[in-house]
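Q: First the structure, then my questions, so here it is.
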Amino acid sequence: MVDDDGVLTSMLSTRSRTLSSQASSQTSCVTIFSDGVQLFDHKRPGYQSVMSSMWEQLDKDQLSLIVSRPCATNPLWLTMLLEELRMFGDFRTLDSKIEKVSDSVDSLLTDIVNRIIAEDDTGLVKKSLCLLACAIESIQLHDLSNMLGDISNKEPVAPLYWSQTRRVLSPYIKEIGVQSNISFYHMEIRRIVSQLLITNHGREWYKLLALYYTKWCPDERSRSLFAPTYCLNANLKVELLEFYDKDPAAELIHDRLRSQHFKNLRCQSQATVTSQLFPVVICQFCSTKTCRKKFRIQNKDCCVVCKSSLTFKNVVANLCNFHAFGHNDKYGKCLYCNMIVPKENSNVKNMMGNVGKLCMNCSFGHVHKKCAMVSIK
Ligand SMILES: [Zn+2]
Ligand SMILES: [Zn+2]
Ligand SMILES: [Zn+2]
Ligand SMILES: [Zn+2]
């Protein structure tokens, strides 16, 4: 009788001549009797009464009209339909409204999304839907209300507009946990919103999310969880590099993930693999400079790409032809200060500096053959 996303089992009890169907999903259980509907929402217990009261207001013909629809056993369809009828409010024309309601979950949800956007003159409903559709899982309540405001000036949306938007969205979203993580009430709603509203791979929304989590979000943990992915999805490489450079939240990110993020910031050319190999060179002075204050790692002990601490598993970092400009058999150029560093047999001359290394993650597979320059052009 269960399933993961709302499809269900239905029972037509012929014995008692009552129509009954039962449905459950991760979030809700619906039971329809000829004299009423019982809906239990695990996430929002208060929802039950709303549903039942709507059901009670329908007459017998309207009830059988609904129950006879092929989608009546789908809890999502039924929930959304009852919500639509509740919003509709005009009982004289309710019959025709029920008849006109779309017979598939997709088209019913499409109608709903179009309706709530059309009825909203602030544009905030659409903005919220798009942000939630692009979000990794969910967005914290206060973050969303900030994002609906002016991100560059750090001004949250006006409280009146926010509560109005929240009220309109409430049947279609859920809030979970002490942080009030907001996401769609059902995955199907997210899918339909993405289909209808997200164009150009969501670039404009990822840009907003990236700006928010790099420039404003007060919570360090949230910044570390979301800033890099949103920057990458929005193709904001400069912002990602700046985040890693300046935000203490970046230090919460695990080495493996660091390396994965920096992979996208790395020069994509092959390193020169011919007889004259051009290793990354670090001068004596820069070698002992601290590069990540929190961990007091020196440049010579960290990966030249992602700045993770080097372990015994590391390889020499090489440059492509283009980035090896100024390097030759006898001289290299310090990666950090451009100072000329003498070489001997394509290695850095003793006591003159160090050869740059790649960490285990940045050299995994064939990646070590790629140029080790971080280049965001
Ligand atoms: Zn249940
Ligand atoms: Zn690395
Ligand atoms: Zn290169
Ligand atoms: Zn240097």
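Q: Only one of R256, R296 is out of contact with any Lys or Arg (no Cβ under 8 Å at 6 or more places or on another chain), away from ligand 4 (no atom under 15 Å from the Cβ) and at pLDDT 95 or above. Can you tell me which?
A: R256
Q: I want to confirm something. Restricting to the stretch 248-306 and keeping residues that are in a loop (DSSP other than H, G, I, E, B) and touching a Gly at 6+ places or on another chain (Cβ under 6 Å), which single residue is farthest from ligand 2 (Cβ to nearest atom)?
A: V280
Q: Does any residue of the stretch 123-140 turn out to be in contact (Cβ under 8 Å) with a residue 24 or more places away in the chain, surrounded by 14 or more Cβ atoms within 10 Å (Cβ to Cβ) and among the hydroxyl-bearing types (S, T, Y)?
A: For the stretch 123-140, residues in contact (Cβ under 8 Å) with a residue 24 or more places away in the chain, surrounded by 14 or more Cβ atoms within 10 Å (Cβ to Cβ) and among the hydroxyl-bearing types (S, T, Y): present.
Q: Is there a residue being farther than 27 Å from D247 by Cα and of a type in the set (A, V, I, L, M) anywhere in the stretch 317-327?
A: Looking for residues that are farther than 27 Å from D247 by Cα and of a type in the set (A, V, I, L, M), one finds at least one in the stretch 317-327, hence yes.
Q: Report, by residue number, each residue of the stretch 249-259 that is farther than 14 Å from L225 by Cβ and open to solvent by 30 Å² or more (accessible area, probe 1.4 Å).
A: Correct list: D255, R256.
Q: Next question, about the same structure. Within the stretch 97-116, is there a residue that is more than 16 Å from the chain's Cα centre (by Cα), within 21 Å of W216 (Cβ to Cβ) and in contact (Cβ under 8 Å) with a residue 24 or more places away in the chain?
A: The answer is no; no qualifying residue exists.
The values are calculated or read from the model by the stated rules, or taken from the named source; none is laboratory data. Everything numeric here is computed off the predicted structure, so don't read it as measured data. Don't worry about glycine lacking a Cβ; one is built from the backbone with ideal geometry, like all the others, and counts go over all protein chains shown. These area figures cover heavy atoms from the full protein model, side chains too; ligands, DNA and RNA do not enter into them. Shrake-Rupley method; radii C 1.70, N 1.55, O 1.52, S 1.80 Å.
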